[in-house]
Amino acid sequence: MKAKNIYIYLIASLLIISASCKKVLDQPVLGQYQTSNFFTSDANAILGVNAAYAPLTFTDASSNAIWVLGDLPSDDAIKGSSDGDQADFLSVQNFNINPSNSAVEAVWKRYYDGVFACNVVTDGLSASNTFVSAAVKSDVVGQAEFLRAYYYFNLTAAYGDIPLHLKVETPAELQSPALPQAQIYAQIEADCTAAAAVLPITRTGNDVGRATKGAALALLAKTYLFEQKWTLAAQTAQAVEALGVYSLLPVFSDNFRAATKNNAEAVFSILHTSGLVPFQGNNLNQWFAPRPLNGYGFYLPTQSLVSNFETAPDGTADPRLDYTVGRAGHPYYDSAFDPSWTSTGYVSKKHTQPLSEIPTNIKGDGNLNYQAIRFAEVLLIEAEGLNESGNSAAALVPLNKVRKRARESYLYDSSLPGFGTVPAGLLPDITITDQASLRDQIRAERRSELALEFHRFFDIIRYGATYANSALKSKPNFNFSTNQFFPIPESERQTNLKLGK
């Protein structure tokens, strides 16, 4: 391979990373290296791919603003705090979005930084590299291919037609036009397929959190879903299930508790650990917590979201509701809920922790992972794919697995009122097989199950104009044809002249 100068994300002189990828930091560039001078050992190859995980983290909630793009324009959450605090986030919520919007700029920069870090690895570990062992090379390249696919999936979901960079490029090569979304999806498919062929089924010890075969297949299934390749989506989701290593946790909320964050439902998690130097905690804990608890008061759930959760005939709510949001009449972890905390009547719980775990003096150093892909989502991908491909009866099986776990939290969570008995009529199995009716049920189930996990706006858009116009009817500025994708940032257009104006 022709030698080329590349920037490597170095982590404090490459000394502070242990074998665990949760100790990866996105540090400033410290120098220029040639691939032949860096990828000279197994250890360095692992360091290289560790850097490719760093942009995924929420160590700074404002620079990883995927939560802003994924939920604030939707019907699930509003910005919160005061209007002048992070005003650009409010502009996203209200569809007053210009190409210089800070959230639009932040996600583009951070996720393309991730793409670049992946390309550093795939360039440096080409077939001509004989310094790194075959086993490590295969695993590390597979991780980089999966991560590149994950970054591109989020980028094209957010921005639509975008540039595609697959190697470390010269300044001239970086001048590249936006390609049709179909070509981006094709590359995601290729990367996921290649990664799934080489990645291990499970990880243990310090390697927990690294990409696996199941993660690559799950992302591939989700890509097929967004492309409306329904049969392939269902079949690939079934392939994830067939691996035999994933299951739904008995208690839904254990996906979002520090003590149980690495679990059998987590297909791909973005790891965070509090109390480390340098900082590796989850900053969302402070951004989403109420101000009186030393939070910033952002990200407030809406009444529309709360109303989506089903209730039993006696009024008992789907237990996922109170696992997901804080509301009057129910404790907010180990604090009493105060309605003055929120303008909507609700606060988010999925990405926050009790004061007994993260006290106010370290509020921004949360210990929760971000569960990027859960097995529950894989089952819902399977259900949607089966229904849309004309096999509605088969779609009931994975759909009802998700509902069964939700209602049976009453059998396993002693903190729930009436613990030990599932309330009569709560979340019954679905039996309808009319495709249109079942479509509505699957969409509603996905909304409840994955609420406040930064997926909702992208789902609204892929469901099409009719659904989107109905879901977002309270947002007068929304126009499906102009707002289904965010604008390519102004800073990128000024740098990459082939994007035009």
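For the stretch 213-330, what is the charge dipole size about the Cα centre, in debye to the nearest 20, if Lys and Arg each add +1 at the Cβ and Asp and Glu each add -1 at the Cβ?
So the magnitude is around 380 debye.
Would you tell me the accessible area of residue 327, worked out with a 1.4 angstrom probe on the heavy atoms of the protein chains, in Å² to the nearest 10?
Number for this one is 50 Å².
Counting helices only, and only those DSSP H runs with n ≥ 4, report the 222 nm mean residue ellipticity of the chain as the sum of -39,500 (n - 2.57) divided by its residues, in deg cm²/dmol to the nearest 500.
Value at 222 nm, helices only, nearest 500: -12500 deg cm²/dmol.
By how many nm would the segment from residue 413 to residue 203 lengthen if fully extended, with 0.36 nm per residue of separation less the alpha-carbon distance?
On the way: separation 210, 0.36 × 210 = 75.60 nm, distance 2.82 nm.
Value of the extension gain: 72.8 nm.
Filter the GluC sites (Glu not before Pro) in the stretch 147-226 down to the DSSP loop ones having no more than 14 other Cβ atoms within 10 Å, then list what survives.
Those that pass, being in a loop and sparsely packed, are 173.
Identify, among 454, 423, 479, the residue whose Cα sits farthest towards the positive end of the charge dipole of the stretch 412-501, taking +1 on the Cβ of Lys and Arg and -1 on the Cβ of Asp and Glu, with the dipole about the Cα centre.
Farthest towards the positive pole: 479.
Give me the log10 of I(q) over I(0) for the stretch 54-108 at q = 0.15, 0.24, 0.26 Å⁻¹, as the Debye formula computes it from C-alpha points; what are the numbers?
So the normalised log intensities work out to -0.38, -0.94, -1.08.
Which angle between 0 and 90 degrees, to the nearest 10, do you get for helix 181-198 versus the longest principal axis of the chain when only C-alpha atoms count?
With both axes taken from Cα atoms, the answer is about 80 degrees.
Taking the alpha-carbon centroid of each part, what is the distance from the stretch 178-239 to the stretch 444-501 in angstrom?
Between the Cα centre of the stretch 178-239 and that of the stretch 444-501, the gap is 22 Å.
Could you size up the charge dipole of the chain around its Cα centre, putting +1 on the beta carbon of Lys and Arg and -1 on that of Asp and Glu, and report it in debye to the nearest 20? Can you show the working numbers first?
Numbers: 40 positive and 47 negative charges, 99 e Å.
Roughly 480 debye for the chain.
Relative contact order of the stretch 104-218: what whole-number percent is it, with Cα pairs under 8 angstrom and at least 6 residues apart?
Reported relative contact order: 28 percent.
I need the calculated FRET efficiency for the pair residue 397 and residue 94, taking r as the beta carbon distance and R₀ as 45 Å, to the nearest 0.05.
Given R0 = 45 Å and the Cβ-Cβ separation, E is 0.65.
For residue 41, tell me the accessible area in Å² from a 1.4 Å probe, rounded to the nearest 10.
Surface open to solvent at residue 41 totals about 40 Å².
Count the net charge of all other residues whose Cβ sits under 10 Å from the Cβ of residue 237, scoring Lys and Arg as +1 and Asp and Glu as -1.
The answer is -3.
Using alpha carbons only, how many degrees (0 to 90, rounded to 10) separate the axis of helix 375-388 from the longest principal axis of the chain?
For helix 375-388, the angle is close to 80 degrees.
Considering the zone a paramagnetic label at residue 40 would reach in this model (a point 7 Å from Cα along the Cα-to-Cβ line), which residues of the stretch 129-151 have amide N under 16 Å from it?
129-133
Over the chain, average the accessible area per residue using a 1.4 Å probe and give it in Å², no decimals. Show your work: numbers first, answer last.
Values: 18540 Å² over 501 residues.
I get 37 Å² per residue for the chain.
Can you give me the angle between helix 230-242 and the longest principal axis of the chain, using Cα atoms only, in degrees from 0 to 90, rounded to the nearest 10?
Approximately 90 degrees, to the nearest 10.
Could you list log10 I(q)/I(0) for the stretch 329-471 at q = 0.21 Å⁻¹, which the Debye formula gives when each Cα is one point scatterer?
So the normalised log intensities are -1.36.
With +1 on each Lys and Arg Cβ and -1 on each Asp and Glu Cβ, how big is the dipole of the stretch 154-247 about its Cα centre, in debye rounded to the nearest 20?
The dipole magnitude comes to about 280 debye.
Towards the positive end of the charge dipole of the stretch 361-417, with charges on Cβ (+1 Lys, Arg; -1 Asp, Glu), say which of 366, 394, 410 has the farthest Cα.
410
Of 473/498; 222/475; 79/498; 213/261; 79/475; 229/401, which ones are farther than 25 Å apart at the Cα?
As for pairs spanning more than 25 Å Cα to Cα, those are 473/498; 222/475; 79/498.
Estimate the FRET efficiency between residue 179 and residue 493 by the formula 1/(1 + (r/R0)^6), using the beta-carbon distance for r and 22 Å for R0, to the nearest 0.05.
That pair, residue 179 with residue 493, gives E of 0.90.
So what are the radius of gyration and Dmax for the Cα set of the chain, in Å?
Cα only, the chain: 22.2, 70 Å (Rg, Dmax).
What is the Cα centroid distance between the stretch 121-159 and the stretch 321-359, reported in whole angstrom?
40 Å
The values are calculated or read from the model by the stated rules, or taken from the named source; none is laboratory data. None of these values were measured; they are calculated from a predicted model. With ideal geometry, Cβ positions are generated from the backbone for all residues, glycine too; neighbour counts draw on all protein chains shown. The protein model used for the area step is the full one, side chains on, heavy atoms only, and it has no ligands, DNA or RNA in it. Shrake-Rupley method; radii C 1.70, N 1.55, O 1.52, S 1.80 Å.
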